[in-house]
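Chemist: Here's a structure for you.
The values are calculated or read from the model by the stated rules, or taken from the named source; none is laboratory data. Computed from a predicted structure; not experimentally measured. Cβ placement follows ideal geometry from the backbone for every residue including glycine, while neighbour counts extend to all protein chains displayed. Accessible surface areas use protein heavy atoms only, side chains included; no ligands, DNA or RNA. Shrake-Rupley method; radii C 1.70, N 1.55, O 1.52, S 1.80 Å.
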Amino acid sequence: MTVINQLSSIIKDSSRLIFSDKIEAKYLSDTLGRKKGQASALVFPVSTEEVSAILSFAHKNNIFVTPRGAGTNLVGSTVPHDSSIILDLSLMDKILEIDRENFTATVEPGVILEDFQKHVESLGLFYPPDPGEKRSSIGGNISTNAGGMRAVKYGVTRDYVMGLEVVKADGTIFTLGSKNRKDTTGLDLKDIIIGSEGTLAVITKCLLRLIGKPEKSLSILAGFSSLKAGIEAVPKILQANLNPTALEFIEKKVVKLGENFLKLKFPLENEAYLLLTFDGKSEEIDSAFKSLQSVLKDSAEKIISLDDTELAQNVWKIRGCLVKAVEAVSEQEPLDIVVPIAKVADFVNFVNKLESQSSMQMISFGHAGDGNVHLCVVRGKRSEEVWKKELNENLAKLYDEARKLGGLISGEHGLGLSKRPFFFAETPAANVELMNAVKIAFDPKKLLNSNISYVK
């Protein structure tokens, strides 16, 4: 029986099964579309049982499988290889349960983050993880342990995953975790899955922790004479225990790109900005704003509260679109380097010096409150040959400096194909060997997303 016939016997609905040259190009890449792979089939399962049957078939026939969700990944984690089966989970998009008594939600992996957050907030509940791409899927967020702007107060995706239903490469179905808030009953296997980029198992259900919806949220914009002045104010804010929900840094030149891209206007004209959000009870927010003004009185040129809802939304839209805004102007390599909070200023200073020395534009912004520095390294008018050569040289310098400062090459995007060589260059061989042992325990034939991350 051919591959086509065998898959057709599993997926009866022919609209959910596409073969070879009929597969659209977007399914062979990530959201940037520059790295492309090959696939023999594209499958859209709608149940755990279908996922299990497909993986069991692939395992028996030694066929690679590439799971994907909304396809918003930036580092090539969804690029198939060697005639893979692409397992697209976007049709598994149901919210299965909202348990208001235990503050949990059970959802399928294809549920879109933005839709889920709106739904739970309509019920007076709150799901804090807030990566920049709001149309990403919950399964994808878990697979990269997505962080985002609210991580400084609420933590990252891992902190809100209580359980998972997963399917191993051989088709075996496992339930990991539970609604219990404490668990020392053996190894926490779900935590091994979180952040593994589809290399260990396929997620088919997600048990998520919810909290009560904050009474109020207020965004505040502080303008500074330089990026250095803005970043050096961050430790003072954190030491004052103001507990901001979000704490972002942005340069004026970056804001201009966002303004031009969205045809919107920033309310301040300064060289650099800190964009903060506070949430909670009204009196807590009022107190935090007053304290912030006191903390920044000697460093900020101007501080305004974004009380107008539309204005606040526009400011955050400009911040949220920056990667897309740069991409609209030139090809670029988006980075998500993370360094210790106290080293953010040092790292950004290094970036600015490297930009000047290399004549390659490097646009910095990011999550100042948790040390996650986002960078757009811009191609400009370089030829393909020059771009690849100079990009690799500069990436090596950036990652090396991050390592010297105690940082890491990825805070929330994952490794994918883009960072694979730098990961192996900087990660101790013993660590890689241990990661591969975990991989083999879950997927002994190395069939799941094995062209990415730590798998050799």
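Chemist: Which of the residues belonging to the stretch 314-330 are surrounded by fewer than 17 Cβ atoms within 10 Å (Cβ to Cβ) and either at pLDDT 95 or above or touching a strand residue (DSSP E or B) at 6+ places or on another chain (Cβ under 6 Å) (or both)? Step through it out loud before you land on a result.
Modeler: Step one: filter the stretch 314-330 for residues surrounded by fewer than 17 Cβ atoms within 10 Å (Cβ to Cβ), giving 317, 324, 328-330.
Matches in the stretch 314-330: Ser330 only.
Chemist: Next question. Would you check if there is a residue in the stretch 245-252 being more than 27 Å from the chain's Cα centre (by Cα), surrounded by 22 or more Cβ atoms within 10 Å (Cβ to Cβ) and not in a helix (DSSP H, G or I)?
Modeler: Just the residues of the stretch 245-252 that are more than 27 Å from the chain's Cα centre (by Cα), to begin with: none.
There is no residue in the stretch 245-252 that is more than 27 Å from the chain's Cα centre (by Cα), surrounded by 22 or more Cβ atoms within 10 Å (Cβ to Cβ) and not in a helix (DSSP H, G or I).
Chemist: Looking at Leu227, Leu210 in this structure, which one is open to solvent by less than 20 Å² (accessible area, probe 1.4 Å), more than 14 Å from the chain's Cα centre (by Cα) and at pLDDT below 95? It would help to see each step written out before you state the result.
Modeler: Values: Leu210 fails: at pLDDT below 95.
Answer to the check: Leu227.
Chemist: In the stretch 344-358, which residue that is open to solvent by 10 Å² or more (accessible area, probe 1.4 Å) and either within 23 Å of the chain's Cα centre (by Cα) or among the aromatic types (Phe, Trp, Tyr) (or both) is modelled with the lowest pLDDT? Before you say what the answer is, go through the steps one by one.
Modeler: First, the residues of the stretch 344-358 that are open to solvent by 10 Å² or more (accessible area, probe 1.4 Å): 345-346, 349-350, 352-353, 355-358.
Remaining after also requiring either within 23 Å of the chain's Cα centre (by Cα) or among the aromatic types (Phe, Trp, Tyr) (or both): 345, 350.
Details: Ala345: 86, Phe350: 96.
Ranking the candidates gives Ala345 first.
Chemist: Just need a number here: residues in the stretch 213-224 that are in a strand (DSSP E or B) and either open to solvent by 40 Å² or more (accessible area, probe 1.4 Å) or without any contact (Cβ under 8 Å) to a residue 60 or more places away in the chain (or both).
Modeler: Residues of the stretch 213-224 in a strand (DSSP E or B): 216-224.
Keeping just the survivors that are either open to solvent by 40 Å² or more (accessible area, probe 1.4 Å) or without any contact (Cβ under 8 Å) to a residue 60 or more places away in the chain (or both) gives 216-217.
Matching residues across the stretch 213-224 total 2.
Chemist: In addition: Between Arg403, Arg379, which is touching a Ser or Thr at 6+ places or on another chain (Cβ under 7 Å) and at pLDDT 95 or above? Break it down into steps so the answer makes sense when it comes.
Modeler: Working: Arg403 fails: touching a Ser or Thr at 6+ places or on another chain (Cβ under 7 Å).
The match here is Arg379.
Chemist: Collect the residues in the stretch 359-394 that are touching a Pro at 6+ places or on another chain (Cβ under 9 Å) and either open to solvent by less than 10 Å² (accessible area, probe 1.4 Å) or without any contact (Cβ under 8 Å) to a residue 12 or more places away in the chain (or both), keeping them in residue-number order. Step through it out loud before you land on a result.
Modeler: Here is the first cut: in the stretch 359-394, the residues touching a Pro at 6+ places or on another chain (Cβ under 9 Å) are 369, 371, 374-377, 392.
Gly369, Gly371, Leu375, Cys376, Val377, Asn392 - these are the residues of the stretch 359-394 that are touching a Pro at 6+ places or on another chain (Cβ under 9 Å) and either open to solvent by less than 10 Å² (accessible area, probe 1.4 Å) or without any contact (Cβ under 8 Å) to a residue 12 or more places away in the chain (or both).
Chemist: I would also like to ask the following. Give, as residue ranges, the helices (runs of 4 or more DSSP H) completely inside the stretch 98-199 that count at least 1 residues that are farther than 25 Å from Gly416 by Cβ.
Modeler: On the way: elements: 113-122, 138-144, 151-154, 189-193.
The helices (runs of 4 or more DSSP H) meeting that bar are 113-122, 151-154.
Condition check ((1) in a helix (DSSP H, G or I); (2) among the charged types (D, E, K, R); (3) over 30 Å from Arg150 (Cα atoms); (4) under 22 Å from the mean Cα position of the chain (by Cα)) across all residues:
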{"position": "Lys388", "(1), (2), (3), (4)": "yes, yes, yes, no"}
{"position": "Glu412", "(1), (2), (3), (4)": "no, yes, no, yes"}
{"position": "Ala425", "(1), (2), (3), (4)": "yes, no, yes, no"}
{"position": "Ala437", "(1), (2), (3), (4)": "yes, no, yes, no"}
{"position": "Ala441", "(1), (2), (3), (4)": "yes, no, yes, no"}
{"position": "Pro444", "(1), (2), (3), (4)": "no, no, yes, no"}
{"position": "Asn451", "(1), (2), (3), (4)": "no, no, yes, yes"}
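Chemist: Return the pairs, sorted by first residue and then second, in which the second residue is in a helix (DSSP H, G or I) and open to solvent by 40 Å² or more (accessible area, probe 1.4 Å), the first residue lies in the stretch 9-28 and is among the aliphatic types (A, V, I, L, M), the beta carbons are less than 7 Å apart, and the residues are 6+ apart or on different chains.
Modeler: Leu17/Ser8
Chemist: Something else about it: Applying the selection to the stretch 52-71, what residues are assigned to a loop (DSSP other than H, G, I, E, B) and surrounded by fewer than 22 Cβ atoms within 10 Å (Cβ to Cβ)?
Modeler: Of the stretch 52-71, the ones assigned to a loop (DSSP other than H, G, I, E, B) are 61-64, 69-71.
Result: Asn61, Asn62, Ile63, Gly71.
Chemist: Could I ask something else about it? Quick test of your reading of the structure: Ser226 fulfils all but one of (1) hydroxyl-bearing (Ser, Thr, Tyr); (2) touching a Gly at 6+ places or on another chain (Cβ under 7 Å); (3) under 25 Å from Lys353 (Cα atoms). Name the failing condition by number.
Modeler: (2) is the only condition that Ser226 fails.
Chemist: Of all residues in the stretch 24-46, which are open to solvent by 30 Å² or more (accessible area, probe 1.4 Å), part of a loop (DSSP other than H, G, I, E, B) and of a type outside the set (Lys, Arg)?
Modeler: Result: Glu24, Thr31, Leu32, Gln38, Val46.
Chemist: Condition test on Leu262, is it over 14 Å from His367 (Cα atoms) and open to solvent by less than 80 Å² (accessible area, probe 1.4 Å)? Break it down stepwise before answering.
Modeler: On the way: over 14 Å from His367 (Cα atoms): yes; open to solvent by less than 80 Å² (accessible area, probe 1.4 Å): yes.
It is true that Leu262 is over 14 Å from His367 (Cα atoms) and open to solvent by less than 80 Å² (accessible area, probe 1.4 Å).
Chemist: Applying the selection to the stretch 72-97, what residues are surrounded by fewer than 18 Cβ atoms within 10 Å (Cβ to Cβ), modelled with pLDDT of 95 or more and touching a strand residue (DSSP E or B) at 6+ places or on another chain (Cβ under 6 Å)?
Modeler: Scanning the stretch 72-97 gives Ile95, Leu96, Glu97.
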